[in-house]
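The values are calculated or read from the model by the stated rules, or taken from the named source; none is laboratory data. Because the structure is a prediction, the values reported are computed rather than measured. In this analysis, Cβ positions are derived from the backbone assuming ideal geometry, glycine residues included, and neighbour counts consider all displayed protein chains. The protein model used for the area step is the full one, side chains on, heavy atoms only, and it has no ligands, DNA or RNA in it. Shrake-Rupley method; radii C 1.70, N 1.55, O 1.52, S 1.80 Å.
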Amino acid sequence: MTKEQRRMRMNGMIVAVLGIVLAVTTWIPLYPLAKLFLNLAHWPFSSAAATLDPTGRLMLAIGGGLTAGFGAMMWAVSSEVMPVAPDAGRKVILYSALTWFSIDSAFSVVAGSPFNAALNLIFLALMLGSIDFKNRLAAV
């Protein structure tokens, strides 16, 4: 396993765990963890609701599931695709990450939460930080 694959696995695991944590916060006793994130995303602090209605909890569950799925995809690409087609593996991660980042960030601004776009940079760094762009510029 290459260094790039190890980074992709580790970063994928981090993304997946963060997604699971986000989804788990739909359980009402754990909502304070979600409220912390929502307060950051809705900068300035204290603008997140004290509790979420069923629709808000559903959105956390969906967002957490998609985030965990993205992390699992990174793990699978590093394990299954990179050994046989590293250029294709890099492109899968690059295109997926840029598509997610562009849409999520743009519509976070539209929704009135521009700071979420800044928070998205953390996830983008995890997603793209594992790619070895120097390797024949294969990811472009």
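So the values come out like this:
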| read-out | value |
| --- | --- |
| Inter-residue pairs, beta-carbon under 7 Å, first touching a residue at least 60 places away in the same chain (Cβ under 8 Å) and in the stretch 39-63, second of a type in the set (Ser, Thr, Tyr) and surrounded by 13 or more Cβ atoms within 10 Å (Cβ to Cβ), 6+ apart | ALA41/SER113; HIS42/SER113 |
| Filtered residues of the stretch 5-15 (kept if crowded, with 20+ Cβ neighbours inside 10 Å and among the aliphatic types (A, V, I, L, M)) | MET8, VAL15 |
| Residue in the stretch 116-132 that is at pLDDT below 90 and of a type in the set (A, V, I, L, M, F, W, C) present | no |
| Residue count for the stretch 88-115, restricted to those that are more than 13 Å from SER130 (Cα to Cα) and not polar (S, T, N, Q) | 15 |
| Residue within the stretch 52-63 that is within 16 Å of MET127 (Cα to Cα), assigned to a helix (DSSP H, G or I), open to solvent by less than 80 Å² (accessible area, probe 1.4 Å) and not small (Gly, Ala, Ser) present | no |
| In the stretch 75-95, the residues that are assigned to a helix (DSSP H, G or I), open to solvent by less than 40 Å² (accessible area, probe 1.4 Å) and hydrophobic (A, V, I, L, M, F, W, C) | VAL77, ILE93, LEU94 |
| The stretch 90-106 residues that are farther than 28 Å from LYS3 by Cβ, paired with ones that are open to solvent by 50 Å² or more (accessible area, probe 1.4 Å) and outside any helix (DSSP H, G or I) (beta carbon under 9 Å, 6 or more apart) | SER105/PRO114 |
| Number of the exception - VAL17 against (1) touching a Ser or Thr at 6+ places or on another chain (Cβ under 8 Å); (2) touching a residue at least 12 places away in the same chain (Cβ under 8 Å); (3) part of a helix (DSSP H, G or I) | (1) |
| Among (1) surrounded by 19 or more Cβ atoms within 10 Å (Cβ to Cβ); (2) in a helix (DSSP H, G or I); (3) of a type in the set (A, V, I, L, M, F, W, C) - the single one ALA72 does not satisfy | (1) |
| Whichever residue in the stretch 20-50 is of a type in the set (Ser, Thr, Tyr) and not in a helix (DSSP H, G or I) and, among such residues, is least open to solvent (accessible area, probe 1.4 Å) | THR25 |
| Test: residue in the stretch 122-137 that is farther than 28 Å from ILE28 by Cα, in contact (Cβ under 8 Å) with a residue 40 or more places away in the chain and basic (Lys, Arg) | yes |
| Number of positions in the stretch 96-136 that are more than 27 Å from HIS42 (Cα to Cα) and open to solvent by 50 Å² or more (accessible area, probe 1.4 Å) | 5 |
